[in-house]
Amino acid sequence: LFCDEPTSGLSATDAETCVKALRVVAKRFGVTCLVVIHQPRHEVALLFDTLVLLTSNPGRMAYSGPMAEAKSYWEARGHPVPLNVNPTDFFMDLLTPETPLDRSTELVAAFKEVRKPSLDAWVESKMTERGQSVMEMLSEGGQRASGGPYAVPFCTQLKVVLGRKLRLTLRNPMALGLPLFIPILQGLVVGYMFQGIGESPDLLRQIMFVFCMVTMLCLAGTMSLIVLITERTLMKFESSEALYSEGASSLASCIIDVPLALLGALFNILIMAAMARLEWSLFKTVLAWALLLFFVYDSLFAFIGAVAADTRQAQVLATPFISVFMLFNGFIVSKADSPEALHWIFDISPNAYAMQSIVVMMAKNFGFQGQLLLEKFGYEEAEDHKGLAVLFSMIILFRIGQQLGLKYLNNIRR
């Protein structure tokens, strides 16, 4: 433990308390403490086992040995410590160049002649000995040694990081309220715009309502990008010190942030569906696909937050995904009207599968009119299983990409 002037600015009493604490660390835990200190009181100086005295212009060693032998060494060199004088103050007076008591050159020469040969011999003898490894020292001290880069197992890392994440979230009203307030406000606005649309004889208006709902789920996660980048930067600093793994941090964020955002999305959907007065059978389909879309886009933004260097790059990376998925949903750009070379985009667009499943369910209540609209937009029945497979695959791939990005990208350079 390297301590550079830990007692500076402290009173004499507090300085003594500080050094006593360092001595406890050294003796109880077997930690070597190297302390730079100026003008310690006599009681503080006696707490140290070993004393190294340096002089300046240039830096040279004048003494290195037991603190208890320093006074006798000085006396043997012809400089006994006067009565009622703090020994460390006296040592500093003799070793400070260009002062009335300056004897630095003489004492440096004496050190080289008297103590340095034996010190060099001791160092040489120790260089030939094999010291204990960190694992051996931990085991000998009765501590449990970890075989990996982290001092504690994954479960302990997760417990600590999760506890901190929970406390920080509860202390921040904005972090707790915004993920709920914004979706509720959006749900009220859109629900008011399409109030009673579930009872309307106009299928096209109902499809527009579904489009607005799906689009809001698509855009909602963009608010989290700045938070993701900020938290990732802090995590990188701490994980670079092997305090915890990237997986523990991302899992803790998922446990706290995802349920909070999911609750906001649920309020959003429930408010819009209630104000639109959707039928129960249709509402179940809408809710299922809306929740699937939530998890897809939450995974997408988590992936982008892990790989992007900063918030600007994150927005640049997110824009193509959002714009393509929003446009190629079968309503704005339909499969029937788009070039055949772009039909593959519909096969990977989560919005297209969600819109298709919901609109097909809606069309069943409109008979011939519903069939015509399905043909116009190119929506097909019996593709729910394919859509589920695509959406679940995207969630898994984005989460894997998130973990790889957190581990291998944007690392702290030291």
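The values are calculated or read from the model by the stated rules, or taken from the named source; none is laboratory data. Given the structure is predicted, the values throughout are model-derived calculations rather than measurements. Cβ placement follows ideal geometry from the backbone for every residue including glycine, while neighbour counts extend to all protein chains displayed. When the accessible area is computed, the model is the full protein with side chains, heavy atoms only, and any ligands, DNA or RNA have been set aside. Shrake-Rupley method; radii C 1.70, N 1.55, O 1.52, S 1.80 Å.
Quick notes
- Cross-link pairs exceeding 30 Å between alpha carbons, from the set 159/407; 284/376; 159/386: 159/386.
- For the chain, adding -39500 (n - 2.57) for each run of n ≥ 4 DSSP H residues and dividing by the number of residues yields -21500 deg cm²/dmol at 222 nm.
- Distant-in-sequence amide contacts of residue 63, defined by a placed amide H-H separation under 5 Å and a gap of 5 or more residues or a different chain, comprise 53.
- Cα centroid of segment 192-213 to Cα centroid of segment 269-337, whole Å: 18 Å
- Annotation: residue 178 carries an accessible surface of approximately 70 Å², with a 1.4 Å probe and no ligand, DNA or RNA atoms counted.
- The heavy atoms of residue 156 offer some 60 square angstrom of accessible surface to a 1.4 angstrom probe.
- In degrees, nearest ten, helix 384-408 long axis to first principal axis of the chain (Cα): 20 degrees
- For the chain, the convex hull drawn through the C-alpha positions has a volume of 217 cubic angstrom per residue.
- Derived scalar couplings ³J(HN,Hα) [segment 373-378; Karplus, 6.51 cos²θ - 1.76 cosθ + 1.60; whole Hz; x for Gly, Pro]: 5, 4, 5, 5, 8, x
- Principal-axis tilt of helix 246-276 within the chain, Cα atoms, nearest 10 degrees: 30 degrees
- Environment charge of residue 400, counting only residues whose C-beta is closer than 15 Å and scoring Lys/Arg +1, Asp/Glu -1: 0
- Listed values for segment 230-237 are Karplus-derived 3J(HN,Hα) couplings in whole Hz (6.51 cos²θ - 1.76 cosθ + 1.60, θ = phi - 60°), namely 5, 5, 5, 4, 4, 4, 5, 4, and x replaces Gly and Pro.
- Between 0 and 90°, nearest 10: helix 173-193 axis offset from the chain longest Cα axis: 10 degrees
- Each of the GluC sites (Glu not before Pro) that DSSP puts in a loop and that has at most 10 other Cβ atoms within 10 Å breaks the chain; the longest unbroken stretch is 242-414.
- Using θ = phi - 60° and Karplus 6.51 cos²θ - 1.76 cosθ + 1.60, couplings along segment 299-311 (whole Hz; Gly, Pro as x): 5, 4, 5, 5, 5, 5, x, 7, 9, 6, 6, 8, 5
- Nearby lysines by direct alpha-carbon distance to residue 71 (threshold 26 angstrom, same-chain neighbours under 8 apart not counted): 20, 27, 112, 116
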